[in-house]
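Each value in this text was obtained by applying a stated rule to the coordinates, not by laboratory testing. As the structure is a prediction and not an experimental result, all values here were calculated from the model. Cβ placement follows ideal geometry from the backbone for every residue including glycine, while neighbour counts extend to all protein chains displayed.
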There are 2 protein chains.
Amino acid sequence: MVTMREVASLAGVSITTVSHVINETRSVASATRERVLKAIEETGYTGDAIARSLVTGGTKSLGLAVSLVSHPYFAELIAAIEGEATRSGYTLVLIDTRDTAESEQAAVRMLRSRRVDGVLLTPTSGSAALPELRRLGVPTVLVDRLTVAKDVDQVGPENVQATSTLVRHLAELGHRRIGLVSGQPGLATTDERVLGYRLGLGRAGLAWDEDLVRPSLEPLLGQVSGVVVSDHQVLVDVLRTARARGVRIGSELALVTYDEVEWAELVDPPLTSMAQPVEEIGRTAVRLLLSRIEDPERAPETIRLPPVLRHRRSCGCH
Amino acid sequence: MVTMREVASLAGVSITTVSHVINETRSVASATRERVLKAIEETGYTGDAIARSLVTGGTKSLGLAVSLVSHPYFAELIAAIEGEATRSGYTLVLIDTRDTAESEQAAVRMLRSRRVDGVLLTPTSGSAALPELRRLGVPTVLVDRLTVAKDVDQVGPENVQATSTLVRHLAELGHRRIGLVSGQPGLATTDERVLGYRLGLGRAGLAWDEDLVRPSLEPLLGQVSGVVVSDHQVLVDVLRTARARGVRIGSELALVTYDEVEWAELVDPPLTSMAQPVEEIGRTAVRLLLSRIEDPERAPETIRLPPVLRHRRSCGCH
DNA sequence: AGTCCCCACGCAATCGCTTGCGCCAGCCCG
DNA sequence: CGGGCTGGCGCAAGCGATTGCGTGGGGACT
């Protein structure tokens with residue numbers, strides 16, 4: 001490792017000057033500056049983030065604590081987050097929460113000991129890590145899965161109106177019995193979508209029937225003429241079930257779903273879906289976190305980004 | 001931040017002793033140890049990885065420099081890598097190479113200044129980062145995309161035999177004109193698959209025709225009765241084209257493809273595919289890297305893990 | 001010619017930890 | 001009863017940067 005000291009002696013100045021040249025933190029005679037820059041060039045000096053962090057307190061790194069377990073669109077989300085972070089000069093420290101409270105706890109402790117400047121968190125249900133982060137005053141923003149709390153920064157998809165829109169679309173096509181295949185219980189996202197489902201039913205003048213909200217398609221078959229699918233994971237399951245039971249999507253069973261998958265147009269019929277603004281969620285989350293790091297006193301914000309409907313044919317339209 | 005000094009004074013010992021208790025690096029009277037542990041407990045001390053790294057030189061972190069651009073199975077790969085790294089007490093620093101030489105260069109410099117103990121790299125074509133890493137003596141292992149170099153650790157899928165197997169499967173079904181829709185040019189993976197394709201043709205007693213290797217399905221239509229698809233990305237494109245052209249996969253055009261996608265059974269017909277051992281590749285890569293970190297002099301290894309054939313119906317079988 | 005300023009730069013403390021040395025006290029042994 | 005050993009701990013020197021304070025030298029102004 002080439003240190004600052006070596007650069008300094010090569011340039012014939014003190015490390016103080018080298019430091020100031022690098023950080024542009026005080027004026028240096030241009031002749032001197034040139035010498036220093038040349039020395040840096042020659043030695044291939046890259047600086048030592050570790051040493052710098054020790055004295056500055058900051059690390060220019062963000063912790064990304066998410067649940068990696070095959071969350072399909074997380075790849076895209078992570079890419080968006082990485083892009084925005086890098087653009088702002090921050091590095092990402094990635095850690096899997098495994099969707100369990102203990103792992104999450106361990107993950108957060110890890111990040112803390114690594115002194116990340118802020119944390120992007122996809123909270124597990126019943127997360128103990130969040131309070132801890134708040135107590136320690138670590139800048140945090142919640143991504144994707146939101147909580148009802150108003151005192152924390154968070155960004156995720158708008159769920160209520162969007163789900164309502166899906167339901168109403170089916171209702172407008174004449175469906176009277178509309179089911180909801182819901183996602184993982186206990187998540188705020190799931191609850192919100194159920195809420196949106198009720199709202200949509202109400203707006204369409206349809207009655208709510210709790211038997212029509214199920215975690216899988218099976219019990220809904222024969223009971224409904226249309227279904228709203230709450231997320232990618234259940235979607236795969238639903239399509240599999242439909243195929244196994246010989247139910248024809250589109251004609252026999254109208255289907256609208258959350259999550260835009262890349263194969264939406266490759267199945268028959270193509271899927272009408274609510275595409276979440278994944279990329280934007282990622283970017284926004286990072287921006288929100290950086291602004292929080294900059295001003296820890298800023299009032300917390302909750303940002304909900306609206307999904308967009310990709311209208312295809314599984315809903316029965318042509 | 002609660003420092004070691006605070007823990008020490010609370011326990012009534014020197015920081016030296018606290019350090020030794022934490023790292024178990026010399027014996028401490030059990031009564032004393034208890035007091036220290038209690039103090040740690042009470043203060044919620046987590047240690048400061050930054051400070052520790054500054055003196056030890058190591059960071060217990062690995063750099064993961066990959067191309068994030070919607071590489072579908074990278075989510076899975078990253079998850080596997082993260083899991084293995086965490087299990088071994090290492091943290092991941094994630095950075096996108098964006099598949100360009102400059103980004104890759106910047107990424108590697110970044111990782112270096114962050115003093116990661118090792119780097120997992122998916123090299124861009126024409127990567128300048130690799131030589132630099134070698135020159136600096138940074139432990140590195142190449143993942144997924146391999147090079148012909150023998151002097152570097154690398155782990156990825158076996159391509160030649162696997163592709164040959166795909167070709168021969170089609171040949172055994174009676175196809176005489178078999179095309180290859182190849183992936184991104186310039187990648188070793190692509191070359192190897194082309195090679196495997198030739199090998200397969202040869203073994204099946206078929207002639208090689210360079211016109212039958214194309215980056216898209218379009219020019220192959222009408223020319224072949226069966227195709228091998230080289231990766232996930234082109235697969236989507238191929239299926240789209242087939243659909244647009246009204247070509248029936250399975251009956252009119254036999255298709256076998258690389259990459260097992262989660263929707264393989266949801267399209268019609270279900271896809272016969274070569275499933276890459278993604279998880280195993282990830283785990284193996286981390287292990288290899290850790291062993292290299294431990295023993296920098298060990299002879300470099302190239303590990304190729306065999307994909308497994310998932311036989312479904314797009315190949316025309318039933 | 002003397003005073004004052006300001007520009008360029010260096011000294012040295014500091015961040016929180018690890019670790020080579022060394023000190024002290026108690027015990028065993030001759 | 002003295003010397004040597006050993007177990008239990010503390011001192012203090014770094015690790016490689018940042019940064020408040022100080023110093024010297026060269027105009028500009030009175």
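Structure notes:
- Shielding by other protein chains, B:83-95, mean Cβ within 10 Å: 4
- Hydrodynamic estimate: the Kirkwood radius of segment A:154-205 over Cα pairs, inserted into Stokes-Einstein at 4 °C and 1.567 mPa s, corresponds to D of 116 µm²/s.
- Remark: segment A:101-111, residue by residue, has Karplus-estimated 3J(HN,Hα) of 4, 5, 4, 4, 4, 4, 4, 5, 4, 3, 4 Hz, where x stands for each Gly or Pro and the curve is 6.51 cos²θ - 1.76 cosθ + 1.60 at θ = phi - 60°.
- If you plug the beta carbon distance of B:Glu41 and A:Lys150 into 1/(1 + (r/R0)^6) with R0 = 35 Å, you get a FRET efficiency near 0.60.
- Rg(Cα)/(2.2 N^0.38 Å) for segment A:58-156, N = residue count: 0.98
- Across every direction, the projection of the convex hull enclosing the Cα atoms of the protein assembly as shown has a mean area of 33.6 nm².
- Relative to the globular-protein estimate of 2.2 N^0.38 Å, the Cα radius of gyration of segment A:1-54 stands at 1.03.
- Spatially proximal lysines relative to A:Lys38 (Cα-Cα < 28 Å; intrachain offsets below 8 disregarded): A:Lys60
- Sorting the segments A:174-184, A:57-67 by their residues' average number of neighbouring beta-carbon atoms within 10 angstrom, most packed first, yields A:57-67, A:174-184.
- Ratio Rg/Rh, restricted to segment A:97-227 and using Cα atoms, in which Rh is the Kirkwood radius: 1.12
- Each helix, a run of at least 4 DSSP H residues, gives -39500 (n - 2.57); summed and divided by the residues of the protein assembly as shown, these come to -13000 deg cm²/dmol at 222 nm.
- Kirkwood-type radius of segment B:167-310, with distances r between different C-alpha atoms, in Å: 16.5 Å
- The relative contact order of chain A comes to 17 percent, based on Cα pairs under 8 Å that sit 6 or more residues apart.
- The reciprocal of the average 1/r between distinct C-alpha atoms defines the Kirkwood hydrodynamic radius, which for segment B:258-318 equals 13.8 Å.
- 5 angstrom amide H check on B:Thr91, placed H, neighbours 5+ away: B:Ser61, B:Leu62
- Sequence-distant residues sharing a close amide H with A:Leu253 (under 5 Å, placed H): A:Arg248
- Long-range HN-HN contacts of B:Leu305 with modeled amide H, under 5 Å: B:Gly156, B:Glu158
- Spread of Cα-to-Cα distances over 10 Å intervals beginning at zero, given as percent, for segment B:196-258: 20, 57, 22, 1
- For peptide A:41-54, the mean count of partner chain Cβ atoms within 10 Å of a residue's Cβ comes to 5.
- Charging the Cβ of each Asp and Glu at -1 and of each Lys and Arg at +1, and nothing else, the dipole of the protein assembly as shown about its Cα centre rounds to 300 debye.
- Largest first and in whole Å, the equivalent-ellipsoid semi-axes of segment A:47-97 read 26, 12, 6, each the square root of five times a Cα gyration tensor eigenvalue.
- Positive minus negative residues near A:Val213 (Lys, Arg vs Asp, Glu; Cβ under 12 Å): -1
- Neighbour net charge for B:Thr122 - beta-carbon separation under 10 angstrom, K R +1, D E -1: -2
- Using alpha-carbon coordinates, inclination of helix B:74-87 to the longest axis of chain B, degrees: 30 degrees
- Separation of segment B:88-123 and segment B:171-208, taken as the distance between their Cα centroids, equals 34 angstrom.
- 11 Å beta-carbon shell around A:Thr190, net charge (K/R +1, D/E -1): -1
- When you work out D = kT/(6 pi eta Rh) for segment A:9-102 at 25 °C and 0.890 mPa s, using the Kirkwood radius from C-alpha pairs as Rh and the Stokes-Einstein form, the result is 150 µm²/s.
- In order through segment B:21-35: 3J(HN,Hα) via Karplus (6.51 cos²θ - 1.76 cosθ + 1.60), integer Hz, x for Gly, Pro: 5, 4, 8, 6, 9, 7, 6, 10, 3, 4, 4, 4, 4, 4, 4
- Rounded to the nearest whole Hz, the Karplus-based 3J(HN,Hα) values (6.51 cos²θ - 1.76 cosθ + 1.60, θ = phi - 60°) of segment A:257-273 follow the sequence 9, 7, 6, 8, 9, 5, 9, 4, 9, 9, 9, 10, x, x, 8, 7, 9, with x at glycine and proline.
- Over the Cα atoms of chain B, the radius of gyration divided by the Kirkwood radius equals 1.14; this is the Rg/Rh ratio.
- Chymotrypsin sites (Phe, Trp or Tyr not before Pro) lying in DSSP loop within segment A:185-291, provided at most 13 other Cβ fall within 10 Å: A:Trp208
- About the Cα centre, charge dipole magnitude for segment B:168-260 (Lys/Arg +1, Asp/Glu -1 at Cβ), debye: 300 debye
- Here, segment B:119-169 yields an orientationally averaged convex hull projection of 3.9 nm² when only Cα atoms define the hull.
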